[in-house]
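The values are calculated or read from the model by the stated rules, or taken from the named source; none is laboratory data. Remember, it's a predicted structure, so these values are computed and weren't measured experimentally. Neighbour counts are summed over all protein chains in view; Cβ atoms, including those assigned to glycine, are modelled from backbone coordinates with ideal geometry. To get the accessible areas, we keep the full protein, side chains included, count just its heavy atoms, and leave off ligands, DNA and RNA. Shrake-Rupley method; radii C 1.70, N 1.55, O 1.52, S 1.80 Å.
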Amino acid sequence: LGKQPIFSTRAHVFQIDPNTKKNWVPTSKHAVTVSYFYDSTRNVYRIISLDGSKAIINSTITPNMTFTKTSQKFGQWADSRANTVYGLGFSSENHLVKFAEKFAEFKEAARLAKEKSQEKMELTSTPSQESAMGDLQSPLTPESINGTDDERVTPDATQNSEPRAETNAVPFPHSSTITKHWEAELAALKGNNAKLTAALLESTANVKQWKQQLAAYQEEAERLHKRVTELECVSSQSAGIKTQKTELNQTIEELEATLRAKEEELERLKEEVENANQLQSQQESITQKLQETETKNQELETQLVELEQRMESSQVEQEAFRKSLRSLLELLDGKIFELTELRDSLAKLIEGS
């Protein structure tokens, strides 16, 4: 633009894949300078980045744009005019925060400039002012971007519950209470198990992905180290070689910082996997205890059935004993009646004699 930049920083530049709209495609092999410029002819702010003589970013800031931080060192914004989404990977969180603050500042300046232009357009309707307004307005709204597959993964955990059949045995108060308690605990454990399984799968996928990225960064760092060594062996100490050496050293430092961050993330994921394994072991132990309790419950139900059978047989024996007593009482009543008649007869006979 023929003027000095308002603010500059260094970052790795990416663009969203136009086919998938999910994956990031790097547009620079190493970190490049990304600058804010003010275009006084059109009264707009621009973000411009050059890789050699090629402009890999030429984005006009509009009031509708939003800069989103998707991680501690990565941010993105959508440019509807360029029909793409730009992504920047910074070497530190501080650089990302400064870039985001400048983005918000110049976005607010663009909004104020747009409002002033609209006020001028209301006061006059000259063709020149209408065309100037056309340069400030954004015809499209940036579509919502959720980030890449590497940064945002949302697994869908589906919990499958199996129906539990009810027993037709005679209810037993204590065993029924214990069974309901363990059934509720088993249902909770199944839900936790599904969540832990999903978290474990996500952590495993992230670990593999970080390992692949770490290997790629290590290869890039080794290649750059070799390149620096080759440049140091070159006898010519021209300004161009010194500049390349400085950029390569800076890139190596950025890659080393990225490697350290990835290693910390890898350690955190390993801890999460270990915690998930421990929780799964606890769940298996509780499941085993539940199975043992169910076995004891079945034994108690069997004993209850046997007791009921004994009670029924005892009731039959008591009924037979009662029948025998009734028949004996009837026989005794008959004998007593006969003896009474015999006594009366003997008494009459005594009286008559």
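Along the stretch 108-122, what does the Karplus equation 6.51 cos²θ - 1.76 cosθ + 1.60 (θ = phi - 60°) give for ³J(HN,Hα), rounded to whole Hz, x for Gly and Pro?
5, 5, 5, 5, 5, 5, 5, 5, 5, 5, 5, 5, 5, 5, 6
Measuring from the lowest to the highest alpha carbon on each principal axis, how far does the stretch 236-353 reach, largest first, in angstroms?
Principal-axis extents of the Cα atoms in the stretch 236-353, largest first: 171, 17, 12 Å.
Once you've got the Cα coordinates, tell me which of 107/208; 21/54; 270/296 are over 29 Å apart.
Working: 107/208 39 Å; 21/54 23 Å; 270/296 40 Å.
In this structure, 107/208; 270/296 lie more than 29 Å apart at Cα.
So, counting K/R as plus one and D/E as minus one, what does the shell of residues with Cβ under 14 Å around residue 50 add up to? Intermediate results must be reported in sequence, preceding the final value.
On the way: positive: 10, 29, 46, 54; negative: 51, 247.
With Lys, Arg at +1 and Asp, Glu at -1, the net is +2.
State in Å² the accessible area per residue of the stretch 28-105; use a 1.4 Å probe, count heavy atoms of protein chains only, and round to the nearest integer.
44
First compute the accessible area of the stretch 203-342 with a 1.4 Å probe, then give the percent of it belonging to carbon and sulfur atoms. Display every interim value, and only then the final one.
Details: 5460 of 10560 Å².
Carbon with sulfur: 52 percent of the solvent-accessible area.
Taking the Cβ of residue 276 as the centre, find all other residues whose Cβ is under 11 Å away and add up their charges (Lys, Arg: +1; Asp, Glu: -1). Let's see the in-between values first.
Working: positive: 195, 270; negative: 202, 271, 272, 274.
With Lys, Arg at +1 and Asp, Glu at -1, the net is -2.
Write down the accessible area per residue of the stretch 277-340 in Å², having rolled a 1.4 Å probe over the full set of protein chains. Working shown, then result.
Working: 5520 Å² over 64 residues.
Accessible area per residue: 86 Å².
What does the charge count near residue 34 come to, summing +1 for each Lys or Arg and -1 for each Asp or Glu among other residues with Cβ under 13 Å from its Cβ?
Around residue 34, the charge tally is +3.
What lysines does residue 335 reach when the alpha-carbon gap must be under 26 Å and sequence neighbours fewer than 8 apart in one chain are set aside?
Within reach: 323, 348.
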